[in-house]
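Visitor: I am attaching a structure below and will ask some questions about it afterwards.
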Amino acid sequence: MTEAATPMPVLSPDTSCEDALGQLIIGCCAALDRQLAVFLETEDESGPHKARVALRRLTTALDAFAPILRRKQAGKVRSAAKRLFRALGEVRDADVFLASHPGNSEALGRRTLEIRRKTRKMLRDSKAVGFAPGLLKLYGSQELFKQNRRSQIVRAAPVRLLAALVMGDAWRAARSHGDDPAKMEEVARHDFRKDLKTLRYLGEFFQDFWPAEGWQLFLARMQELQDELGLLNDLANARQKGREGERTEVTAALKRATGLWAALSTMPPFWVPVAPPAAADPEPDL
């Protein structure tokens with residue numbers, strides 16, 4: 001299943017790196033707040049999934065803008081986001097497993113509801129709804145940012161410089177996994193899937209910078225590939241829970257994924273490499 005889109009702010013190429021990150025943080029936090037409310041107040045299965053998408057996008061943004069962030073502060077935010085992501089992941093996995101077992105839905109339905117109940121209690125006890133407001137406060141206070149002179153120069157630099165650099169890095173990371181998903185071990189294929197998500201999220205952050213034709217074709221192929229890798233991931237999770245008989249599905253999905261990656265990986269990058277802004281001096285964590 002293609003991940004639900006979190007509406008992204010419209011960034012100008014000349015927006016400063018600091019302001020661009022702020023807009024991304026605000027957008028991700030707003031989406032997270034909405035979807036946590038859905039999960040805490042309803043049985044709509046979209047809540048945990050979309051909340052996890054918002055968290056993935058948020059951590060991708062923090063990693064992309066790492067050169068201007070205090071390592072210790074950003075690390076704390078990222079760790080908190082990951083804890084929330086993992087907690088919602090148990091609910092998401094239960095929902096997917098229930099949907100794939102309609103013949104045994106009564107027992108699985110009761111177990112899924114119990115997982116939801118326990119996760120809601122855990123999130124309320126840990127005050128998870130305070131995560132997004134806390135991050136917005138941290139951003140507004142400037143405590144998230146390095147403060148030395150060179151870092152301030154990078155913070156003020158046009159975000160188009162950073163965009164091309166991080167896209168190039170993400171593209172190389174995805175390409176490093178090889179040409180054939182069918183030849184990857186399961187763990188390696190999972191890492192490949194995560195690197196593709198990073199590439200897609202970065203592309204979406206900066207989508208208004210790219211030539212429309214190249215970006216739209218790239219995105220369409222990426223979505224198809226992610227659908228196949230997502231199916232493979234769901235099948236692997238189901239197999240771990242004792243489901244049998246999905247080998248034909250796995251073989252077909254691997255074949256489709258291999259063809260889609262072959263088409264995607266040979267596309268010329270639609271972003272233009274540029275010289276990086278001046279590197280910031282290392283700053284000790286405070």
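Visitor: Of the residues that sit in the range 39-81 and are in contact (Cβ under 8 Å) with a residue 60 or more places away in the chain and acidic (Asp, Glu), which one is surrounded by the most Cβ atoms within 10 Å (Cβ to Cβ)?
Guide: ASP63
Visitor: Considering only the range 54-67, how many residues are touching a Ser or Thr at 6+ places or on another chain (Cβ under 8 Å), modelled with pLDDT of 95 or more and not charged (D, E, K, R)?
Guide: Summing the residues that are touching a Ser or Thr at 6+ places or on another chain (Cβ under 8 Å), modelled with pLDDT of 95 or more and not charged (D, E, K, R) in the range 54-67 gives 2.
Visitor: Please verify whether the range 82-97 includes one or more residues that are surrounded by 14 or more Cβ atoms within 10 Å (Cβ to Cβ) and modelled with pLDDT under 75.
Guide: There is at least one residue in the range 82-97 that is surrounded by 14 or more Cβ atoms within 10 Å (Cβ to Cβ) and modelled with pLDDT under 75.
Visitor: If I filter the range 174-210 down to residues being among the small types (Gly, Ala, Ser) and within 24 Å of ARG239 (Cα to Cα), which single residue comes out as surrounded by the fewest Cβ atoms within 10 Å (Cβ to Cβ)?
Guide: Only one residue tops the list, namely ALA188.
Visitor: Something else: Test of understanding: among LEU11, LEU36, which residue is assigned to a helix (DSSP H, G or I) and aliphatic (A, V, I, L, M)?
Guide: Just a single option satisfies the conditions, and that option is LEU36.
Visitor: When you go through (1) modelled with pLDDT of 90 or more; (2) over 24 Å from the mean Cα position of the chain (by Cα); (3) surrounded by fewer than 13 Cβ atoms within 10 Å (Cβ to Cβ) one by one for GLU244, which number turns out not to apply?
Guide: Only one criterion in (1) modelled with pLDDT of 90 or more; (2) over 24 Å from the mean Cα position of the chain (by Cα); (3) surrounded by fewer than 13 Cβ atoms within 10 Å (Cβ to Cβ) is unmet by GLU244, namely (1).
Visitor: Select from the range 7-38 the residues that are closer than 17 Å to TRP271 by Cβ and of a type outside the set (Gly, Ala, Ser) and list them in ascending order.
Guide: MET8, LEU11, PRO13, ASP14, THR15, CYS17
The values are calculated or read from the model by the stated rules, or taken from the named source; none is laboratory data. Quantities reported herein were computed from a predicted structural model and do not represent experimental measurements. Using ideal geometry, Cβ is built from the backbone for each residue, glycine included, and neighbour counts are taken over all protein chains shown.
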